[in-house]
Amino acid sequence: NREYYSEHWIAAAVYVIPKSDTPLFKVGSELLGYDIRRERLIPVGETGIPDVRQYVGEAEIYGFHATIADALFFAGQSGVDRAEAELKFLAEEFVPFRLEKLEVAKKFRDSNDIVLVCEDRSGTLEALHHELVMRVYKTAISSTFLTHRTKQKVPPASNSRSRLMLARYGVPHVLNGYRPHFTVCSNAPTDPKEKLKVGWLIEESARKCGALDDIEISEICLVTRTSKDPRWKIARVFSLARR
């Protein structure tokens, strides 16, 4: 039963999480209302960032991040330990890289999402994602997609490629379908004009704070969540190799 879920499983994923002192992380966390690095909720009105909490949805529990490896379930700690070992080796093989051209996507996969898209001309994110699909995805017992533990839409039956990826790897948007992005709203307005207005408000506020400037990424994070955890948290940080 691919839809089965056990509360004894451990969820794990691999994220790019900007450092806590960067404008990108500060703005992203304030928009979501959760600081994953400090595991702290951020009250509405604490900063000058516009309040879009009604549109954030489940993005809040994940914290501000760009996914490298999706949320997967492991039957026990040994599965997470294996993923951690793979990350240790991979981090030693890649050097820091830069994210460029950050902007609010005009269109993305899910109409309910507002995301900040970005580019990594070095290919590091793409390579890390492909490596983890081969090394880690197949060792997981399930995923948030398969168990319907996420509000993200399952691809329609007519989308044969996404259905194949979902069946083999537990996630539809992998390999050539991988697009690095930071989700800021997963419950955006259904009205296209209102959604565009919210997206513009987010982008203008982020730009004024310098949050859309190019940023260097020098580490990747293993994040986990158990059935007892209200939100995701960082389990371990891996520094990329020095140049």
- Item | Members of segment 5-43 found to be touching a strand residue (DSSP E or B) at 6+ places or on another chain (Cβ under 7 Å) and free of Cβ contacts under 8 Å to residues at least 12 places away in the same chain, listed by number | Leu41
- Hey, does segment 190-197 have a residue that's in contact (Cβ under 8 Å) with a residue 12 or more places away in the chain and in contact with a helix residue (DSSP H, G or I) (Cβ under 8 Å, 6 or more places away or on another chain)? no
- Query: All but one of (1) modelled with pLDDT of 95 or more; (2) closer than 20 Å to Thr226 by Cα; (3) part of a loop (DSSP other than H, G, I, E, B) hold for Arg82; which doesn't?
  - Reply: (3)
- Top-ranked residue of segment 176-198 - restricted to ones that are among the polar types (S, T, N, Q) and under 15 Å from the mean Cα position of the chain (by Cα), ranked as modelled with the highest pLDDT: Thr183
- List, please: which pairs have Cβ atoms under 6 Å, are six or more places apart or on different chains, and start with a residue in segment 203-227 that is touching a residue at least 12 places away in the same chain (Cβ under 8 Å) and hydroxyl-bearing (Ser, Thr, Tyr) and end with one that is open to solvent by less than 20 Å² (accessible area, probe 1.4 Å) and part of a strand (DSSP E or B)? Thr224/Ala12
- Task: For segment 108-123, state whether one or more residues are free of Cβ contacts under 8 Å to residues at least 24 places away in the same chain, over 24 Å from Phe25 (Cβ atoms) and part of a loop (DSSP other than H, G, I, E, B).
- Result: no
- Query: If a residue has to be closer than 17 Å to Glu92 by Cα, modelled with pLDDT of 95 or more and of a type outside the set (A, V, I, L, M, F, W, C) to count, how many in segment 217-243 make the cut?
  - Reply: 4
- Tell me, which strands (runs of 3 or more DSSP E) wholly within segment 124-243 include 1 or more residues that are open to solvent by 50 Å² or more (accessible area, probe 1.4 Å) and in contact with an Asp or Glu (Cβ under 9 Å, 6 or more places away or on another chain)? 233-239
- Message: Looking at segment 132-144, can you tell me whether even one residue there is over 16 Å from Val80 (Cα atoms) and under 14 Å from the mean Cα position of the chain (by Cα)?
- Response: no
- Just one listed residue, out of Gly33, Gly63, Gly57, Gly45, is under 15 Å from the mean Cα position of the chain (by Cα), modelled with pLDDT under 95 and not charged (D, E, K, R), and it is Gly57
- Query: Can you tell which of Phe74, Phe64 is among the aromatic types (Phe, Trp, Tyr), within 23 Å of Lys197 (Cβ to Cβ) and open to solvent by less than 20 Å² (accessible area, probe 1.4 Å)?
  - Reply: Phe64
- Please enumerate the residues belonging to segment 6-44 that are open to solvent by 40 Å² or more (accessible area, probe 1.4 Å), under 22 Å from Gln54 (Cα atoms) and assigned to a loop (DSSP other than H, G, I, E, B). Glu39, Pro43, Val44
- Identify the single condition in (1) under 15 Å from Ile220 (Cα atoms); (2) open to solvent by 40 Å² or more (accessible area, probe 1.4 Å) that Glu119 does not satisfy, given that it satisfies every other one. (1)
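The values are calculated or read from the model by the stated rules, or taken from the named source; none is laboratory data. All values reported here derive from a predicted model rather than from experimental measurement. So basically every Cβ, Gly included, is an ideal-geometry build from the backbone, and we count neighbours across all protein chains shown. We work out accessible area using only protein heavy atoms, side chains counted, and drop any ligands, DNA or RNA first. Shrake-Rupley method; radii C 1.70, N 1.55, O 1.52, S 1.80 Å.
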